[in-house]
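Student: Take a look at the following structure, please.
The values are calculated or read from the model by the stated rules, or taken from the named source; none is laboratory data. Since we're looking at a predicted model, the values are computed, not measured. With ideal geometry, Cβ positions are generated from the backbone for all residues, glycine too; neighbour counts draw on all protein chains shown.
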Amino acid sequence: MDNSVAAAYGRTDLDLGRNFHETKHGARFTISEPARREVLDRLLALNHERYAQEQARADATRPKRGTKRKRAKEGPCFTVKPASG
């Protein structure tokens with residue numbers, strides 16, 4: 001599974017070092033500490049890239065300063081009919 005996920009992110013160059021490693025919860029079958037740090041560093045970089053892309057898209061759709069937005073017409077959003085009875 002680990003190799004499939006790494007390949008999905010295009011990260012086949014990373015040796016995960018899967019084995020039993022000491023953690024704060026005792027010995028666990030997991031990736032090595034250097035691999036864990038590298039994975040976290042790469043995910044953080046990917047997060048920053050995607051955030052920058054989202055901001056660029058948002059900036060492209062935001063109205064420019066000094067342009068006026070059209071306001072909605074004043075008045076009720078719906079009408080109330082009197083109860084028949």
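Student: So which pairs qualify, if the first residue must be in the stretch 3-26 and loosely packed, with under 12 Cβ neighbours inside 10 Å, the second must be aromatic (Phe, Trp, Tyr), the Cβ gap must be under 9 Å, and the two must be at least 6 apart or on different chains?
Tutor: If the second residue must be aromatic (Phe, Trp, Tyr), the pairs left are ASN19/PHE29; PHE20/PHE29.
Student: Which condition number does GLY17 fail, the rest of (1) under 22 Å from the mean Cα position of the chain (by Cα); (2) at positive phi being met?
Tutor: For GLY17, the failing item is (1).
Student: Then there's this: Only one of (1) assigned to a loop (DSSP other than H, G, I, E, B); (2) among the small types (Gly, Ala, Ser); (3) modelled with pLDDT of 75 or more is not met by GLY75, so which one is it?
Tutor: So the condition that GLY75 fails would be (3).
Student: May I pose another question? Could you please find all residues in the stretch 1-27 being in a strand (DSSP E or B) and farther than 27 Å from LEU46 by Cα?
Tutor: PHE20, GLU22, GLY26, ALA27
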